[in-house]
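Scroll down for the structure; my scribbles are underneath it.
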Amino acid sequence: MPMAADEIERLIRTGIPDARVEITDLAGDGDHYSARVVAESFRGMPRVAQQRRVYEALGGRMGGALHALQLTTATPD
Amino acid sequence: MSEANAKIDEIVQSNDVVLFMKGSALFPQCGFSARAISILDHLGVGFETVDVLQDPEIRQGIKAYSDWPTIPQLYVKGEFVGGSDIMMEMFEAGELQQLLDEKQVAKA
């Protein structure tokens with residue numbers, strides 16, 4: 001079952017309260033998304049750790065219900 | 001250590017640069033794997049690939065091995081570097097080249 005963009009956003013925001021989340025539906029099919037997650041709490045964390053936090057927020061859906069999520073993480077400028 | 005884990009560890013430790021992916025370098029079976037291959041090709045580095053679609057144990061096991069839920073996964077000199085998004089970010093920032101230089105990985 002594909003996931004809706006606002007559901008992805010909600011999960012990430014719930015897991016990472018200070019995150020600013022932008023979701024793009026890449027193919028317009030409700031199945032291929034890109035997400036950009038910007039959070040102050042990422043500061044000082046290596047990229048792998050930042051992305052792990054997002055994956056944790058998605059609660060095991062990554063690689064399952066969410067097959068195709070292109071993910072970038074950053075800290076605010 | 002499970003059998004799959006031991007097998008993965010052996011692959012990771014015995015190759016300087018190894019990509020666990022869907023499909024082969026010539027015929028990637030997924031857009032993310034294709035992107036990872038094109039980055040490695042650009043860097044001109046020698047690398048091995050493991051097609052997880054050929055081995056269900058490795059396909060599941062690699063996710064536990066690195067505590068990372070997606071494929072592809074890149075390892076350099078025994079260390080997990082990241083998936084295709086991290087590879088792309090690092091490549092664009094010149095950090096992937098830097099990592100390979102620092103670890104003295106041979107050119108292809």
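The values are calculated or read from the model by the stated rules, or taken from the named source; none is laboratory data. Just so we're clear, the structure is a prediction, and the values are computed from it rather than from any experiment. Every residue, glycine among them, receives a Cβ derived from its backbone with ideal geometry; neighbour counts consider all protein chains shown.
Miscellaneous remarks
- Filter result (without any contact (Cβ under 8 Å) to a residue 12 or more places away in the chain, facing chain A (nearest Cβ under 10 Å) and not in a helix (DSSP H, G or I)) within region B:54-76: B:Asp67, B:Pro69
- Qualifying residue in region B:35-50 (condition: surrounded by 18 or more Cβ atoms within 10 Å (Cβ to Cβ), part of a loop (DSSP other than H, G, I, E, B) and not polar (S, T, N, Q)): yes
- Of all the numbered requirements in (1) buried (at least 18 other Cβ atoms within 10 Å of the Cβ); (2) over 24 Å from A:Val37 (Cα atoms), B:Trp68 misses one, and that requirement is (2).
- Positions within region B:92-108 being part of a helix (DSSP H, G or I) and surrounded by 13 or more Cβ atoms within 10 Å (Cβ to Cβ), in sequence order: B:Glu95, B:Leu96, B:Gln97, B:Leu99, B:Leu100
- Remark: A:Gly60 falls outside the filter, which requires a residue to be more than 9 Å from chain B (Cβ to nearest Cβ) and either assigned to a loop (DSSP other than H, G, I, E, B) or surrounded by fewer than 19 Cβ atoms within 10 Å (Cβ to Cβ) (or both).
- Residue within region A:57-67 that is within 19 Å of B:Gly31 (Cβ to Cβ), touching a strand residue (DSSP E or B) at 6+ places or on another chain (Cβ under 7 Å) and at pLDDT below 95 present: yes
- When the residues of region B:77-91 are filtered to those that are out of contact with any helix residue (DSSP H, G or I) (no Cβ under 6 Å at 6 or more places or on another chain), more than 7 Å from every other protein chain (Cβ to nearest Cβ) and crowded, with 21+ Cβ neighbours inside 10 Å, the one that is farthest from B:Lys22 (Cα to Cα) is B:Val81.
- Applying the condition of being surrounded by fewer than 18 Cβ atoms within 10 Å (Cβ to Cβ) and closer than 14 Å to A:Thr75 by Cα to region A:18-29 and asking which residue is farthest from the chain's Cα centre (by Cα) yields A:Asp18.
- Candidates A:Arg53, A:Arg10, A:Arg47 - the one that is closer than 20 Å to B:Trp68 by Cα, among the charged types (D, E, K, R) and under 10 Å from the mean Cα position of the chain (by Cα): A:Arg53
- Looking only at residues in region B:21-31 that are more than 18 Å from B:Ala108 (Cα to Cα) and at pLDDT 95 or above, the one that is nearest to the other protein chains (Cβ to nearest Cβ) is B:Lys22.
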